[in-house]
1. Per the Kirkwood definition applied to all pairs of different Cα atoms, how many angstroms is the hydrodynamic radius of the chain?
2. Assuming 1.306 mPa s and 10 °C, estimate D for region 95-142 with Stokes-Einstein, Rh taken as the Kirkwood radius over Cα pairs, in µm²/s.
3. Compute the helix-to-body angle for 22-31: its Cα long axis versus the longest principal axis of the chain, expressed 0 to 90° and rounded to tens.
4. In terms of the ratio Rg/(2.2 N^0.38 Å) built on C-alpha atoms, what value belongs to region 10-71?
5. Around Glu48, under 12 Å between beta carbons, what's the net of Lys plus Arg minus Asp minus Glu among the other residues?
6. Quick check: residue separation of Asp65 and Arg122 times 0.36 nm, minus the Cα distance between them. What number comes out in nm?
7. Please compute the modelled spin-label separation between Ala115 and Ile31, points set 7 Å along Cα→Cβ, answer in nm with one decimal.
8. To test your reading of the geometry: what angle, between 0 and 90 degrees and rounded to tens, separates the Cα axis of helix 107-116 from the longest principal axis of the chain?
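Readers should treat all values here as calculations from the given coordinates under stated rules, not as data from a laboratory. As the structure is a computational prediction, the values presented were derived from the model and not from experiment. Here the Cβ positions follow ideal geometry from the backbone for every residue, glycine too, while neighbour counts run over all protein chains shown.
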Amino acid sequence: MENIIDLVLALKNVSIFNNIPDHILADIAEIIKIETISKGETFIRKGELGEEMYIIQSGEAKIHDGDHIFTTLRENQIVGELAILAPVHRTADVTALKDTLVFVINREYFSDLLAEQFDIVRGVMASLVQRIIESNEKLKNH
């Protein structure tokens, strides 16, 4: 099991958290659940109501809809971040391409931190804006 210091150091490598002070990252580290997802296991299912965000720590996962692969996730990438802001239905499946270690952050616990720390909200929003920009660029190029 990871200790708080190791979790804080790992969170600093994740885009939405890299500008957040260590003492706030320590609060986030307190609510992280660590899971291992087996190769081939789908851990986010399209249409389900999302309750948590996942941070890939090691391994790989694909975001897909059936056989259509949108992208591959690797170390320090996030998926499901909309679910920590609001109860939304998942828009795609996410399946581990190899055994994958993830940090799981639940919306219920995270929302308490969001209310106290605007820096976290800013980080999540910046990540979402970047994802929208990337999606728009992909649409322009098709």
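1. Values: mean 1/r = 0.0646 Å⁻¹.
Taking the inverse mean of 1/r over all distinct Cα pairs, the chain comes out at 15.5 Å.
2. Working: Rh = 13.4 Å.
Translational D for this selection: 118 µm²/s.
3. 60
4. Details: Rg = 14.1 Å, N = 62, 2.2 N^0.38 = 10.6 Å.
Rounded to two decimals, the normalised Rg is 1.33.
5. On the way: positive: Arg45, Lys46, Arg90; negative: Glu51, Glu52, Asp93.
For residues surrounding Glu48, the net value is 0.
6. Values: separation 57, 0.36 × 57 = 20.52 nm, distance 2.94 nm.
Full-extension gain reported as 17.6 nm.
7. 1.0
8. 50
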